[in-house]
Structures are given as C-alpha cells and as structure tokens.
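This report concerns only the one structure given below.
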Amino acid sequence: MSRPEADQLLLDAEADVRPTPQGVAARRALLAHPVILMVGIVLASLNMRAALASVSPLVGEISDAFGLSSTATSLVTSVPVLFLGVGAMAAPWLGRRFGTEAVLFCALVLLGIGIVVRVVPSTVALYGGGVLIGVAIALLNVLMPGLIKRDFPDRAASMTSVYTGSMIAGATVVAAASVPLEKAFGGSWEASLAFWSLLAAVAAVAWLPQVLIARGRTGHEVRVEPVVGTAPKSVWRSALAWQVTLFMGLQSLWSYVLIAWMPTIFTDHGMSRSTAGVIFAFNNLIQVAGAFAVPLLAGRMRSQRPLVVLVSSLVAGGYVGLMVAPVSGAWLWSAVLGVGQGGAVGLALTMIVLRAGDAATAARLSGMAQTIGYLLAAVGPLAAGAVYQVTGSWTVPIALMLGVCATALSVGLFAARDRKI
C-alpha cells in the first residue's frame with residue numbers, strides 16, 4: 001500500500017488530523033480484529049431504529065394511558081427525531097475529543113438508559129426518555145459513515161449496505177414483536193418498550209473491546225496530531241452538500257411519518273391492532289431489500305439519478321395507495337413503501353460517502369446532513385398529527401407527503417450528480 005493510500009485508510013474520521021505513529025498502531029490493532037469490529041457495527045446498527053419502531057404499534061395505548069391528543073401523541077415520535085438533529089451537532093466534536101469507539105459505546109449505554117426512562121409513569125419521563133434516545137441515535141447515525149469511510153475505504157458502499165440493512169432488520173423485529181411482547185407481559189406496554197434496552201446493552205458489551213483496544217494502546221490524548229497547512233473543506237458553503245442534506249432530510253421526513261403513523265392509519269380504517277403491527281413490521285422487513293440493493297447499485301454508478309427517480313416514485317406510489325385503499329391494499333402498499341424507504345435511506349447515506357472526497361469530509365458532511373436533515377424530519381410526524389387532528393382524516397396529511405416526495409425528487413437529482421465536495 002502506498003503512503004497516500006495508508007493515510008486515507010488511517011485518517012481519523014472525526015477530525016482534520018493525521019495519525020501519530022501511536023495512532024497508526026492503534027488503528028492497525030483495531031483492523032486486526034475484523035470480526036469484532038463487524039459484530040460491533042451490526043449490533044450497533046440494529047439499535048439505530050429499534051427504539052423508534054417499538055413505539056408505533058403501541059402508540060394508542062400510550063396515548064390512552066396519558067390522555068394525549070393526536071398532536072401531543074405525535075411528540076412521542078417527533079421528540080426523538082428532533083434530537084437526532086440536535087445530537088448530530090455535538091457528534092463530530094465528541095468524536096474529535098474522545099474518539100469514535102468510545103463515543104459509540106457511550107451512545108449505546110445512553111440509548112439503553114433512555115429506553116428505560118421513557119416507561120417511567122410520567123409524561124416528563126416519556127418525553128425526556130425520547131430526548132435521550134434521540135441524542136444517542138444521533139451519535140450512532142453521524143459517526144458510523146465516517147467510521148466506515150475510515151476503516152473500509154475500498155468497500156464503503158457494501159459496508160453501508162451492511163449497516164443500513166442491519167438497522168432496518170432491527171426495526172423489523174421490534175415492530176413485529178412489540179404487541180406480542182405487550183400481551184406476554186400481561187398487557188404492559190411499558191414492559192414491552194423497556195425490553196429493548198437489553199438489545200442496547202448487548203450492543204454496548206460487543207463494542208467495548210474496540211474501546212479497550214484503541215485506548216489501551218495509546219490513549220486518545222496522544223493518538224492524533226493536527227495536519228499543518230491543510231485547510232478543511234467547508235461543507236456548509238457547498239451547494240452539493242446542501243442538496244445531499246435536503247435529500248437526507250426529506251426522505252427521513254417521509255419515513256418518520258410512516259414510522260409514527262402507519263399502524264394508526266390502518267387501525268383508523270378498521271384494521272385490528274395486531275394485524276396493523278404485523279403489516280408495519282412487514283414494511284420494515286421489505287426495507288432491508290432496498291437498503292442492501294440500492295447502495296450496491298449506487299456504488300457502481302457514476303450518477304445515482306435513476307435511483308433517485310426509482311425510490312421517490314415508489315414512496316409516492318405507496319402513499320397514494322394508503323390514500324385510496326388503505327386496508328384492502330395494505331400488504332401491497334407496505335411492500336412498495338418498504339422498498340422505496342429502504343432504498344432511499346441507503347441511497348442518502350451512500351451519497352454522503354460518494355460525494356465526499358475523503359473520510360474527514362464524509363464525517364463533516366454526515367454531521368451537516370443529519371443535523372439539518374433530522375431537524376427537518378422532526379416536523380413530519382408532528383405536522384401530520386396536527387393536520388389529522390384538525391381535519392379528522394388522513395387524506396390531507398398524505399397529500400402533503402406527496403409534495404414532499406416531489407421535492408425530494410427534484411433535490412435528489414442534483415445531489416446524485418457525479419461531483420465531489
């Protein structure tokens with residue numbers, strides 16, 4: 001491997017720095033344990049949507065328990081999404097200060113705590129737990145693409161498929177199991193939600209060896225040194241970075257509206273709660289196909305414009321189906337939406353990597369895209385719930401989502417061009 005290639009491989013994803021000799025040794029020690037690293041990535045990814053997907057099938061019980069309106073109920077899902085954006089602001093600084101491995105470990109611990117806090121019998125705890133969950137997931141979301149760019153520079157697209165697929169697989173299992181777990185725990189939605197703190201705990205334990213290897217070798221305080229005379233690239237002044245960011249935000253918006261309200265749309269049209277939960281889980285399961293396939297295709301294409309058209313059209317078609325025949329076509333619409341949602345999130349995350357010229361730019365672009373993107377996405381569930389409460393129908397909220405699809409298509413066509421930031 002040539003020296004420039006080695007520098008690219010060993011470049012710290014969280015900062016504009018090059019490794020000291022001790023840092024090189026630490027990175028090689030981490031990469032010498034690829035199985036441990038892969039297990040850590042997969043288990044961490046399983047948690048990146050699980051805490052959000054567990055709520056949707058139980059949102060009716062949560063609303064009844066606290067006497068919440070539709071708008072207040074939407075905050076149960078909107079608050080974590082809002083803090084995905086807020087937490088994303090702090091992620092790059094934390095990564096620079098403490099190192100990716102340590103921050104990811106702490107994020108998994110914080111996630112488990114947030115899940116437990118959320119089921120304390122208090123509306124303050126309900127929303128406060130959502131804050132902790134959102135911050136924890138934000139740290140995972142922002143640092144994972146940079147870590148992949150750093151440790152797998154020649155397999156970035158395929159590794160993106162692995163972690164996005166794992167993320168969606170976790171959401172699928174959780175969505176399918178939430179109502180059965182509630183029944184198994186004697187009708188306790190609190191126990192059903194709290195159960196998933198165990199998944200975060202297992203992932204934290206699996207990630208701990210990476211933390212110990214990195215810090216045991218060098219200590220973060222001597223691991224890196226500034227690059228002299230190298231000015232960082234400003235993603236905030238790049239039109240392409242803003243296009244990637246808006247596509248990330250708009251596809252997140254349409255997905256989080258479905259995460260928050262899809263089961264409710266079905267039950268409001270007469271479907272049983274258990275059936276709605278199973279179809280919601282099926283929607284998450286189908287997302288795995290899009291999340292695996294689209295990043296692989298994207299990595300082989302100079303321009304990803306055909307994929308932008310594909311995923312936007314699928315999501316728009318699924319939303320139209322929910323408007324005209326929500327129950328009779330439920331399985332079909334869930335499948336169409338699933339392929340589109342999974343493909344869109346995989347494409348958005350892959351474009352962060354493909355549009356960035358190096359690992360440091362990928363980390364900054366990831367922070368920007370997920371900060372602004374998730375702040376934008378947080379509007380979705382809240383706005384959909386408020387419009388539904390005013391109109392008493394899902395027609396207008398779904399029509400608004402079709403407008404989001406059209407806007408995402410327009411922005412995505414610019415973001416998908418073969419350009420580098």
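Observations on the structure shown:
- Distance (nanometres) between label positions extended 7 Å along Cα→Cβ at Leu296 and Val379: 3.6
- Sequence-ordered 3J(HN,Hα) estimates for the stretch 342-353 from the Karplus curve with 6.51, -1.76 and 1.60 and θ = phi - 60° stand at x, x, 5, 5, x, 5, 4, 5, 5, 5, 4, 6 Hz, glycine and proline given as x.
- Normalised per residue, the accessible area of the chain is 36 Å², obtained with a 1.4 Å probe and no contribution from ligands, DNA or RNA.
- Acute angle (nearest 10 degrees) that the helix 305-324 long axis makes with the longest principal axis of the chain, alpha-carbon atoms: 20
- Percent carbon-and-sulfur accessible area, the stretch 307-421, ignoring ligands, DNA and RNA, probe 1.4 Å: 74
- The calculated FRET efficiency for Ala201 paired with Val86, based on their beta-carbon distance and R0 = 30 Å, is about 0.80.
- Using alpha-carbon coordinates, inclination of helix 100-118 to the longest axis of the chain, degrees: 20
- Computed in the context of the full set of protein chains, the accessible area of the stretch 45-152 at 1.4 Å probe radius has 74% of its extent on carbon or sulfur.
- Shape analysis of the stretch 278-383 places it in the prolate category; the axes a ≥ b ≥ c from the Cα gyration tensor give an a/c of at least 1.5, with a/b above b/c.
- Within a Gaussian network of the chain (alpha carbon springs, distance under 10 Å), most fluctuating of Pro263, Pro180, Pro397: Pro180
The values are calculated or read from the model by the stated rules, or taken from the named source; none is laboratory data. Everything numeric here is computed off the predicted structure, so don't read it as measured data. Backbone-built Cβ (ideal geometry, glycine too); neighbour counts: all protein chains shown. Heads up: the accessible areas ignore ligands, DNA and RNA and are worked out on the full protein's heavy atoms, side chains in. Shrake-Rupley method; radii C 1.70, N 1.55, O 1.52, S 1.80 Å.
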